[in-house]
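First up is the structure itself, then whatever we jot down about it.
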Amino acid sequence: MGFNYSLWVEMSLKIIRSMGLQRGKNDKIHAERIAIYAMKNQQEAIIYQAPSRTVEKIRNLMSLREKLILTKASLIRNSKEMKSLDPEVSKLSDKFQKQTIKGITSDLKQIEKQLDLFIKEDENLSKIYSQAISVPGVGEVTTLYLICFTNEFTTYSMPRQLACYAGVVPFEHTSGKSIRLRPKVHHMANKKLKKQLHMCALSAVNHDPEMKEYFKRKVQEGKNKMLVINNVRNKIVHRICACIRDNKTFEVRKSA
């Protein structure tokens, strides 16, 4: 006979910090502390929703894609560095790794085709994908990462939640002796997603008229450029979440 259980996945650091000062540890003590935490905070439990089979496939392919890109970049960089040290060895290196780089490039193209196929075959994923990628500055890779990390925008559906998770929300630090410190983003964030959103922001301030004007205006006001870029990243997250929430693609505002 089968059993139906709900799964609650919690951050280990959150459990550790909730316990205060602790001494000693082993598997039995850890189990007791987790049980105490669960009992005290059961009202705040968020039941885990497993990603669909398609999202799992996309996640695995994205991981493989990243490894291949790093390998290809490493081979190319090694060849360029060798040219300045020993041109003869550099030629041999180019000769031996030429087919490898060519093969990796071919594999990357096949992975991209398979990712497109996965998206098209799933109705819900196809809809979410088209809505997210419609936001100016947002590309295919960023959209796929967002789908994987948010489990099709079910884990982080609110814009502030997602912005915090991606590390693009500055928090105030003005307590005690830190009263003069500027707001800053927290180090605990999804670094991969943050990097992708940074690239989206750079693209938006160059190609999206509204973001371009915003960036120019804020810089002229004396704002730090990186602070403005972070604000653009935040705005992009809000735009994406708004499109998903309203079930529509992004519409460019018409100037009066």
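Things worth noting here:
- Averaging the Cα positions of each part gives two centres, and for the stretch 33-72 and the stretch 5-31 these lie 18 Å apart.
- From largest to smallest, the equivalent ellipsoid semi-axes obtained for the chain from the alpha-carbon gyration tensor read 35, 29, 25 Å.
- Shape call, the stretch 53-121: gyration tensor on alpha carbons, a/c limit 1.5: prolate
- Excluding same-chain neighbours fewer than eight residues apart, the aspartates and glutamates reachable from K120 by a Cα-Cα span under 14 Å are E112, E140.
- Principal axis analysis of the Cα atoms in the stretch 1-48 yields extents of 41, 23, 15 Å, listed in decreasing size.
- Computed E for K40/S6 - FRET, C-beta separation, R0 25 angstrom, nearest 0.05: 0.90
- Modelled label positions at E210 and S157, each set 7 Å beyond Cα in the direction of Cβ, lie 2.4 nm from each other.
- Residues D246 and I29, FRET efficiency given R0 of 35 Å [Cβ-Cβ distance, rounded to 0.05]: 0.15
- Amide H contacts of W8 (H built 1.01 Å from N, in plane; Pro and chain starts excluded): Y48 sit under 5 Å, all sequence-distant by 5 or more or on other chains.
- The chain: DSSP helices with Cα axial extent of at least 30 Å and average Kyte-Doolittle hydropathy no lower than -0.5: 53-85, 225-246
- Potential lengthening between T105 and N78 on full extension [0.36 nm per residue; Cα-Cα distance subtracted]: 8.0 nm
- Within straight-line cross-link reach of K83, aspartates and glutamates at Cα separation under 19 Å, skipping those fewer than 8 residues along the same chain: D94
- Averaging the sequence gap over all C-alpha pairs within less than 8 Å and six or more residues apart, then dividing by the number of residues, gives the chain a relative contact order of 17 percent.
- Cross-link partners of K218 among lysines, defined as those whose alpha carbon lies under 23 angstrom from its own and excluding same-chain residues fewer than eight positions apart: K184, K194, K195, K235, K254.
- Inter-label distance, nm, simple model (7 Å from Cα along the C-beta direction), S130/F96: 5.0
Each value in this text was obtained by applying a stated rule to the coordinates, not by laboratory testing. Keep in mind it's a predicted model, so treat the numbers as computed, not measured. Every residue, glycine as well, gets a Cβ built from its backbone with ideal geometry; the counts of neighbours run over all protein chains shown.
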